[in-house]
Amino acid sequence: MPDTSETSQPVSATNAESPHSDAEWHVDKGLPRALSRILAIDDFEAPARRYLPRPMFGYVSGGAETNASLRANRAQFDEIELSPRVLVDVSGRTAKTTLFGRGYDAPFGIAPMGGTSMAAYRGDIVLARAAAKERIPMIMSGASLTRLEEVRAAGATAWFQAYLPGAWSTESRAPDSIRSSSPSTSR
């Protein structure tokens, strides 16, 4: 990814009402330079638009059909306000959660996206490893280009998004394959 740290401010920093100066946006020197100006999820859009081929950027950044769900979801998230409390003891707080009998370090995970291998070489493997390292769920799309067994071997927190049309016959091997490779799949 091209280095954009010297050419642009993060979207989150361009708010005219922001009390922060440009000097306050410098972050951990251990981060790759390409990430030094990324402070919020929206900050990824401009570099991604420059880096990815147009069809891939549209696929990754867009929603289905007319983007109606994408806009509706964004409108709902925009109504949520997180108000931090100060001078409150947080030593006993945790973001850990249990889902389907398994513990995770955060109450969210990586959602399925068919075609991750178009965005990154062996994208599902990369996501499965990252999710396992951070102990969060990663859901592999049914439209993945990578074998389920490889993804499951790369990350123990990987789930599988199965669309099971109608009743499966007793001769069908797909449910057995899913169950044996991905015990995290809920039934």
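The values are calculated or read from the model by the stated rules, or taken from the named source; none is laboratory data. Computed from a predicted structure; not experimentally measured. All Cβ positions, even for glycine, are placed from backbone atoms using ideal geometry, and neighbour counts span all protein chains on display.
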Search result, residues across region 58-114 that are in contact (Cβ under 8 Å) with a residue 24 or more places away in the chain and aliphatic (A, V, I, L, M): VAL60, LEU99, ALA106, ILE110, ALA111, MET113
Restricting the search to region 91-107, which residues are more than 17 Å from ILE139 (Cβ to Cβ) and of a type in the set (D, E, K, R)? ARG93, LYS96
Tally of residues being modelled with pLDDT of 95 or more and among the hydrophobic types (A, V, I, L, M, F, W, C) across region 133-153: 1
Could you list, in sequence order, all residues of region 40-61 that are surrounded by 11 or more Cβ atoms within 10 Å (Cβ to Cβ) and closer than 17 Å to PHE77 by Cβ? ASP42, ASP43, PHE44, GLU45, SER61
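Could you tell me whether any residue of region 142-153 is more than 30 Å from ARG50 (Cβ to Cβ) and among the small types (Gly, Ala, Ser)?
Yes, that holds for at least one residue.
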Can you tell me which condition LYS96 does not meet? The list is (1) surrounded by 12 or more Cβ atoms within 10 Å (Cβ to Cβ); (2) touching a Gly at 6+ places or on another chain (Cβ under 9 Å), and all the others hold. (1)
In region 34-54, how many residues are in a loop (DSSP other than H, G, I, E, B) and under 16 Å from the mean Cα position of the chain (by Cα)? 3
